[in-house]
Amino acid sequence: EVPVDEGSKQGDFFTEDSKAFVEGAATKGLLSSSKKLSDLAKNLKSYDAIFLAGGFGTIGDFKGSEELTSIVTKAFEEGVIVGAVCHGPVGLLGLKEGKESALKGMAVTGFSSAEEKACGYAEKNSVQAEMEKLGAVYTCAAEAFHPHVVTAEKNGAFCVTGQNPASSKGTAEKVVELIKKKKEQPSPTSGGVIILCTNASKVELEDVKGEKVTKDTGLWLEEAAAPYKVFKDGGLEVTVASLGGGEVPVDAGSKQGDFYTEDCKAFEEGEATKGLLSSTKKLSDLAKNLKSYDAIFLAGGFGTIGDFKGSKDLAAILAQAFKEGVVVGAVCHGPVGLLGVEEEEGKESLLKGMEVTGFSSAEEKACGYAEKNSVQAEMVSA
């Protein structure tokens with residue numbers, strides 16, 4: 001059951017919409033048997049929007065709820081529009097982007113400090129105060145209790161906030177407008193993109209002294225994380241795969257200093273992404289229906305030298321991709337997967353005469369390894 005604030009049923013606050021909701025045959029019992037959000041969240045992507053209704057009660061359960069924060073985070077990541085009105089935006093306070101609040105720099109509104117004071121409560125309790133503390137760009141109507149709606153877009157996701165009860169209808173109308181616009185856009189293409197990652201955690205290399213060394217390695221995290229974000233922001237479905245399936249090791253160096261970018265942090269911490277590298281699909285299984293995908297992207301990392309390079313299975317799948325019009329992308333060491341692809345079986349390398357790039361000889365040397373290990377050297381000799 002959802003309790004209703006008695007004040008919202010008095011005087012001008014008890015609007016025609018409120019009366020119709022309380023008395024309507026299809027709506028009068030809705031608040032007595034509401035659904036549990038966690039149950040609906042199991043299939044969150046099937047919804048167009050989630051709308052956080054207000055009331056002082058939200059301070060008691062929305063605010064500080066890790067479960068709600070997780071679900072709303074997932075909504076943003078999956079393109080579900082998020083709306084919130086009056087005190088409802090307290091449910092947004094726990095959202096994170098990396099280590100910082102996701103509200104930092106975002107245009108928002110909610111119950112103002114002046115409105116909180118007018119109700120007899122300390123201004124520091126207000127949504128305005130809470131949001132400004134997190135670095136949000138808060139605005140409100142010139143006069144208290146007048147309608148004010150703010151729409152913000154961040155990383156391709158929409159958040160619509162309303163200031164007070166009088167803003168409820170306008171906030172909902174804006175959400176409906178955004179849903180309609182979204183439905184008018186072309187649907188994402190069928191299979192989307194396969195991001196192929198390495199399964200190899202160690203590789204044998206020659207260092208600059210000419211000695212054989214074993215390197216602990218794996219995927220270079222940014223080379224999967226940044227493309228994943230770009231593809232998702234572009235409206236594409238993304239499947240993370242590897243040659244053997246299962247876990248993808250991550251090169252520890254890619255999680256240090258400036259290499260550990262905001263995209264990397266978001267990928268590792270995001271509800272929709274944080275477990276992707278622990279249970280990847282097997283490429284050979286996806287290749288049975290390769291033509292249904294738009295692209296295959298070979299993420300890099302020294303680990304690719306251990307499994308992409310010399311893989312006849314990968315070479316055959318990439319040759320198939322080229323023939324079927326599937327776009328092929330590769331970054332850094334990922335292009336070693338292209339070395340075995342032939343124009344026709346048993347004939348010349350597909351790379352002959354092709355303009356390409358990859359990890360350079362100078363970059364290989366800067367990392368302490370022999371230039372002959374580089375993608376540049378391999379491609380030139382192909």
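The values are calculated or read from the model by the stated rules, or taken from the named source; none is laboratory data. Here the structure is a predicted model, which is why all the values come from computation and not from measurement. Counting neighbours? That spans all protein chains shown, and the Cβs are built from the backbone with ideal geometry, glycine included. The area values use the complete protein model at the heavy-atom level, side chains included, leaving out ligands, DNA and RNA. Shrake-Rupley method; radii C 1.70, N 1.55, O 1.52, S 1.80 Å.
Annotations
- Condition met for Ala20 (of a type outside the set (D, E, K, R) and open to solvent by less than 70 Å² (accessible area, probe 1.4 Å)): yes
- Among residues of region 81-96 that are within 23 Å of Lys182 (Cα to Cα), those with a beta-carbon under 6 Å from a residue that is in a helix (DSSP H, G or I) and modelled with pLDDT under 95 at least six positions away or on a different chain give the pairs Val82/Ala75.
- Close pairs (6 angstrom Cβ cut-off, 6 or more residues apart or separate chains): on the phi > 0 side of the Ramachandran plot in region 236-261, open to solvent by 30 Å² or more (accessible area, probe 1.4 Å) and outside any helix (DSSP H, G or I) anywhere: Gly245/Lys282
- Top-ranked residue in region 225-252 [being in a helix (DSSP H, G or I) and either touching a Ser or Thr at 6+ places or on another chain (Cβ under 8 Å) or under 16 Å from Lys274 (Cβ atoms) (or both); ranked as modelled with the lowest pLDDT]: Lys232
- One residue stands out in region 137-180 among those that are charged (D, E, K, R) and part of a helix (DSSP H, G or I): the one that is least open to solvent (accessible area, probe 1.4 Å), namely Lys174.
- One residue stands out among those in region 93-115 that are outside any loop (DSSP other than H, G, I, E, B) and closer than 17 Å to Ser168 by Cα: the one that is farthest from the chain's Cα centre (by Cα), which is Glu115.
- Matching residues in region 130-173 - criterion: being among the small types (Gly, Ala, Ser) and within 22 Å of Thr73 (Cα to Cα): Gly135, Ala136, Ala152, Gly156, Ala157, Gly162, Ala172
- Filtering region 47-65 to residues that are open to solvent by 70 Å² or more (accessible area, probe 1.4 Å) and hydroxyl-bearing (Ser, Thr, Tyr) leaves only Tyr47.
- Every residue from region 23-42 that is open to solvent by 90 Å² or more (accessible area, probe 1.4 Å) and within 24 Å of the chain's Cα centre (by Cα): Lys42
- Options Tyr369, Tyr293: the member that is of a type in the set (Ser, Thr, Tyr), open to solvent by less than 40 Å² (accessible area, probe 1.4 Å), within 18 Å of Val203 (Cα to Cα) and in contact (Cβ under 8 Å) with a residue 12 or more places away in the chain: Tyr369
- Applying the condition of being among the acidic types (Asp, Glu) and assigned to a helix (DSSP H, G or I) to region 200-224 and asking which residue is nearest to Ala252 (Cα to Cα) yields Glu222.
- Some residue of region 268-281 being assigned to a helix (DSSP H, G or I), within 25 Å of the chain's Cα centre (by Cα), within 30 Å of Asn43 (Cα to Cα) and among the acidic types (Asp, Glu): yes
- Where Leu351 falls short, out of the listed (1) assigned to a helix (DSSP H, G or I); (2) without any contact (Cβ under 8 Å) to a residue 60 or more places away in the chain; (3) out of contact with any strand residue (DSSP E or B) (no Cβ under 9 Å at 6 or more places or on another chain): (1)
- The set of residues from region 4-21 being more than 23 Å from Ala118 (Cα to Cα), in contact (Cβ under 8 Å) with a residue 12 or more places away in the chain and not acidic (Asp, Glu) is empty.
- Restricted to region 298-335, and to residues there that are aromatic (Phe, Trp, Tyr) and closer than 24 Å to Ser361 by Cβ, the residue that is least open to solvent (accessible area, probe 1.4 Å) is Phe308.
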